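A short write-up of the structure that comes next.
The values are calculated or read from the model by the stated rules, or taken from the named source; none is laboratory data. The model shown is predicted, which means the values in this text are computed figures rather than measured ones. Heads up, the Cβs are rebuilt from the backbone with ideal geometry, glycines too, and the neighbour counts pull from every protein chain shown.
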Amino acid sequence: MRFAPAAAALSLCLAMTASISLAGAAASPDPRAAALIAQGQASLIAGETEGAIDAFEAALAVDPAYTPIFINLAEASRQQGLQGKAIRYYREALDRDPGNFAAISGEGTALVEKGALEKAKRNLATLQSLCGDKCPETVALQSSIARGVPARLAVDTDKAAPASN
């Protein structure tokens, strides 16, 4: 009985140490995944989105706990014009890391590209409250919203109005 408080304190200390070491393990990817991520980013820069997605998906298979892979997959999907798929990847990253500025900003940009300006503005408000007006993610989302909905989504009023006889 005399050792119960000491044992409880020791077990709490060991539990905290174990949780900290586990949390730190996800901070950097497996070296094989890192090589695949670099390959995917090079493919993305070269405009080869299919190759980039293949590399990112392979990296995800190697290291499924590394959240930034989802952001890379989302960026590649956006470049392919698959904003819905990109939003799904950004939301997966946000489920894993709710304060991820890149995921919030990227999702907002994908929402703008999809035509959902009001939802993108909510992401902007979230970013402004988390990191302020001057952080790069906030500035990037503000500029995406300022550019507005892409022309391919804009409705041509001449074609939308029915012809009158």
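Considering only residues that are surrounded by fewer than 16 Cβ atoms within 10 Å (Cβ to Cβ) and closer than 13 Å to residue 52 by Cβ, which ones fall in segment 76-98?
79, 80
Could we say that residue 138 is of a type in the set (Val, Ile, Thr) and closer than 22 Å to residue 53 by Cβ here? Can you show your working first?
Values: of a type in the set (Val, Ile, Thr): yes; closer than 22 Å to residue 53 by Cβ: no.
In short, no.
Among the residues that make up segment 40-60, is at least one of them farther than 26 Å from residue 144 by Cα and either surrounded by fewer than 12 Cβ atoms within 10 Å (Cβ to Cβ) or at pLDDT below 50 (or both)?
no
If you go through segment 87-129 one residue at a time, how many are over 18 Å from residue 68 (Cβ atoms) and either in contact with a helix residue (DSSP H, G or I) (Cβ under 7 Å, 6 or more places away or on another chain) or touching a residue at least 24 places away in the same chain (Cβ under 8 Å) (or both)? Give the derivation first.
Our first condition is that a residue be over 18 Å from residue 68 (Cβ atoms); within segment 87-129, this holds for 111-126, 128-129.
Okay, now just the ones that are also either in contact with a helix residue (DSSP H, G or I) (Cβ under 7 Å, 6 or more places away or on another chain) or touching a residue at least 24 places away in the same chain (Cβ under 8 Å) (or both), so 111-115, 117, 119-121, 123-124, 126, 128.
So the answer is 13.
Looking only at segment 26-48, which residues are assigned to a helix (DSSP H, G or I) and more than 16 Å from residue 70 (Cβ to Cβ)?
Of everything in segment 26-48, those that are assigned to a helix (DSSP H, G or I) and more than 16 Å from residue 70 (Cβ to Cβ) turn out to be 31, 32, 35, 38, 39, 42, 43, 45.
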